[in-house]
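Single-structure report; data block below.
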Amino acid sequence: MKLLFKQRFFSWLDSYDIFDENGNTVYTVKGELSFGHQLRIYDSVGTPIALVKQKMLTFMPRFELYVKDQYLGCISREFSLFTPRYNIDFNGWHVEGNWIEWDYTIIDTSGNCVATITKELWNWTDTYTIDIPDSQSALGALMLVLAIDAEKCSRNS
């Protein structure tokens, strides 16, 4: 399964459309007014299904992941000098990537690829392709991509 993660060009808050390989909208993500990033994920018919919420007043950026108000885990940035590293307390997953943070892979505890994320260059807004071998992992992978993108946005501001 492939998802195209595309940030909306005209939006006051973080807002994304997530499409499948056929161009159908699978998810919509809308930023909510709050201290820090708060991204609500909606399914294709507009039902809220998940939330990525930044915890404030932490030494390093931290994002909590919820599905239907149930806490699943968190992702937090670890202190490192050259390449960002993330501590993921969610499904036993971890992130491996390159130094410019445009391409990375989410790996499970068995060493299997959960998702491969590639940033597309030459677009007006942030655009990623998320290649997910098992469609059951799509929402979790999307939540991690949103958290990493929000952390990078905060760091670059």
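The figures follow:
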| quantity | calculated |
| --- | --- |
| Stretch gain in nm, segment Ser80-Met60, where the contour uses 0.36 nm per residue and the Cα spacing is subtracted | 6.1 nm |
| Above-threshold pairs, the threshold being 21 Å between Cα atoms, out of Lys119/Lys152; Lys6/Lys30; Lys30/Lys68; Lys6/Lys68 | Lys6/Lys68 |
| Contour excess over end-to-end distance, with Cα ends at Leu121 and Leu4 and 0.36 nm allotted per residue | 40.8 nm |
| By average C-beta atoms within 10 angstrom, highest first, the peptides 145-151, 43-49 | 145-151, 43-49 |
| Ala115 long-range amide H proximity, modeled H, under 5 Å | Ile106 |
| Counted charge near Val114, where neighbours are those whose Cβ lies closer than 12 Å (Asp, Glu -1; Lys, Arg +1) | -4 |
| Calculated FRET value between Asn22 and Lys68, using beta carbons and R₀ = 35 Å, to 0.05 | 0.85 |
| Rounded to whole Hz, the Karplus (6.51, -1.76, 1.60) HN-Hα couplings of the range 40-51, x for glycine and proline | 9, 9, 10, 7, 5, 9, x, 8, x, 10, 7, 9 |
| Under-5 Å amide H pairs with Asp126, H placed in peptide plane, nonlocal only | Gln7 |
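None of the figures in this text is laboratory data; all of them are computed from the coordinates on show. Computed from a prediction, not measured in an experiment: that's the story for all the values here. Every residue, glycine as well, gets a Cβ built from its backbone with ideal geometry; the counts of neighbours run over all protein chains shown.
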